[in-house]
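This report concerns only the one structure given below.
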Amino acid sequence: MAFLKSTNRKDIGTALFGKNIVLRTPETGDYDQWVALRMASEKFLRPFEPAWSADDLTRRSFRKRVDFYRRGQREGRSWSFFLKSCTDERLLGSLTLSNIRYGVVSSGTLGYWIGQPYARKGYMNEAIGVLLPFAFKTLNLHRLEAACLPDNRASVGLLQKNGFRQEGLARKYLRINGVWQDHLLFALLEDEYQA
């Protein structure tokens, strides 16, 4: 079960708790863990992500990333969380709710990555399970969308396990690792989540 906790410390923000994991808004002090995990997982992650810039792993770039996350949260258009182990605060990966829109749409887009040492161990499954009540009950979204490469069987299975339904195929949807690639489109509606 997820519990939302807002801290008084400006740099931390919000945390969501599961049984084995915690989702916490990123802070600048996470840089060392983040860069180590990204470097260790580079070959694993590159086929599924936009091309990394030359300065992608620098401390300066990370500070800009954290500032961007905070601005998105303040403006109500995105929420970014680092996925950490409850036992030792070890960084495992990250989840983001982006493109949050209200009004007649009331939806957001789910994105995520997991470090190679922690893939297929249930951490991301638990993290999505913790994030869903936040998206539907706290943020009052009606619909969550997600997309993944058709051959990314782990991601397809993860989304399906969490109740997402495949809705179609978007041709050359995202530029992944420097190439425009087709993506499977998935969505989960609030009433499906409640059921």
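Read-outs: derived from the displayed coordinates by stated rules, not from any lab. All values derive from a computational prediction rather than experimental measurement. Counting neighbours? That spans all protein chains shown, and the Cβs are built from the backbone with ideal geometry, glycine included.
Of [x] 39, 38, 32; [y] 67, 47, 31; [z] 55, 38, 34, which is the value of Cα extents along the principal axes in Å derived from the coordinates here?
Identified label for the calculated read-out: [x].
Under 1.5 on a/c is rounded, so check that first for region 41-112, then, if it is not, pick prolate when a/b is larger than b/c and oblate when it is not; a ≥ b ≥ c are the square roots of the alpha carbon gyration tensor eigenvalues.
The shape class here is prolate.
For HIS183, HIS142, what's the fewest-to-most ordering of other Cβ within 10 Å of each Cβ?
HIS142, HIS183
Just from its helices, what would the mean residue ellipticity at 222 nm be for the chain, if runs of 4 or more DSSP H residues each count -39500 (n - 2.57) and the sum is divided by every residue, rounded to the nearest 500 deg cm²/dmol?
Taking each H run of at least 4 residues, the total per residue is -8000 deg cm²/dmol.
Given a Förster distance of 30 angstrom, what is the FRET efficiency for ASP151 paired with SER98, based on the Cβ-Cβ distance and rounded to 0.05?
With R0 = 30 Å, the Cβ-Cβ based efficiency is 0.80.
Taking neighbour Cβ counts within 10 Å as the exposure measure, how do CYS148, CYS86 sort from fewest upward? It would help to have the intermediate numbers written out before the result.
Numbers: CYS148 22, CYS86 12.
Fewest to most other Cβ atoms nearby, the residues stand as CYS86, CYS148.
Using 1/(1 + (r/R0)^6) with R0 = 30 angstrom and r between the beta carbons of TRP52 and ALA195, what's the FRET efficiency to the nearest 0.05?
So the FRET efficiency works out to roughly 0.15.
Can you work out the Karplus-derived ³J(HN,Hα) for every residue in region 103-113? Use 6.51 cos²θ - 1.76 cosθ + 1.60 with θ = phi - 60°, whole Hz, and x for glycine or proline.
For region 103-113, the Karplus-derived couplings read x, 6, 8, 6, 9, x, 10, 9, x, 6, 8 Hz, x marking Gly and Pro.
Enumerate the amide H contacts of GLY115 below 5 Å, restricted to partners 5 or more residues apart or on another chain; note that Pro and chain-start residues carry no placed amide H.
HN-HN under 5 Å from GLY115: GLY93.
Need the C-alpha centroid separation for region 109-171 versus region 66-83, integer Å.
With region 109-171 and region 66-83 each reduced to a Cα centre, they are spaced 18 Å.
Give me the extension gain from ASN177 to LYS64: residue separation times 0.36 nm, minus the current Cα-Cα distance, reported in nm with one decimal.
Extra length available between ASN177 and LYS64 comes to 38.5 nm.
Suppose each label sits 7 Å from its Cα in the direction of the beta carbon; what would the ASN20-LYS43 distance come out to in nanometres?
2.6 nm
Could you calculate the contour length gain from LYS137 to GLN166, that is, 0.36 nm times the residue separation minus the distance between their Cα atoms, to one decimal place in nm?
Gain in length upon complete extension: 8.2 nm.
Assuming a viscosity of 0.692 mPa s and a temperature of 37 °C, what translational diffusion coefficient in µm² per second does Stokes-Einstein assign to region 90-195, Rh being the Kirkwood radius over Cα pairs?
The diffusion coefficient I find is 228 µm²/s.
Please list, by residue number, everything in region 48-89 whose backbone N is under 19 Å from a paramagnetic label point 7 Å out along Cα→Cβ of ALA36.
Zone members listed by number: 57-60, 62-63, 82-89.
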